[in-house]
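Each remark here refers to the structure printed beneath this line.
The values are calculated or read from the model by the stated rules, or taken from the named source; none is laboratory data. Everything quoted here is computed from the prediction, not taken from an experiment. Glycine gets a Cβ as well: all are built from the backbone with ideal geometry, and neighbour counts include every protein chain shown.
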C-alpha cells in the first residue's frame, strides 16, 4: 500500500514483524519512506498503529521533537475521532 505524507510517498507493509520488532506493533523508517505494521494484530490495532507511525513520520519531517507519550496521546485521540465519526470529512 502507498500513502502520501507531506508530499512524500511512503510504502506501508503489513507483515510478520520478524526481526524488525521486539514486541512492537509497527515501525516508521522516515529516511526510507517505509512503514511496517504487524499483520497479526486485530484490524483496529493495525489502523491505530498505522496512524501512530504516520504521526512519527510527520513529526520527523517537520523537525518536531515529540516524545513517544505525545505521539501516543495524539494517536489515541485522533483514532477515536475518526472511528467515532465514520462520515468525518475535512470539507466545511
Of the residues in the stretch 1-21, those that are in contact with a strand residue (DSSP E or B) (Cβ under 6 Å, 6 or more places away or on another chain) and surrounded by 13 or more Cβ atoms within 10 Å (Cβ to Cβ) come to 3, 10, 11, 12, 13, 14, 17, 20
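Per-residue answers, yes or no, for (1) exposed (fewer than 15 other Cβ atoms within 10 Å of the Cβ); (2) within 21 Å of residue 4 (Cα to Cα); (3) touching a strand residue (DSSP E or B) at 6+ places or on another chain (Cβ under 9 Å):
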residue: 31; (1), (2), (3): yes, yes, no
residue: 37; (1), (2), (3): no, yes, yes
residue: 46; (1), (2), (3): no, yes, yes
residue: 55; (1), (2), (3): no, yes, yes
residue: 61; (1), (2), (3): yes, yes, yes
residue: 70; (1), (2), (3): yes, no, no
Every listed condition ((1) at pLDDT below 95; (2) in contact with a strand residue (DSSP E or B) (Cβ under 9 Å, 6 or more places away or on another chain)) holds for residue 82 save (2)
Of (1) at pLDDT 95 or above; (2) under 11 Å from the mean Cα position of the chain (by Cα), residue 70 fails just (2)
Going by the conditions given, is residue 24 surrounded by 11 or more Cβ atoms within 10 Å (Cβ to Cβ) and at pLDDT 95 or above? no
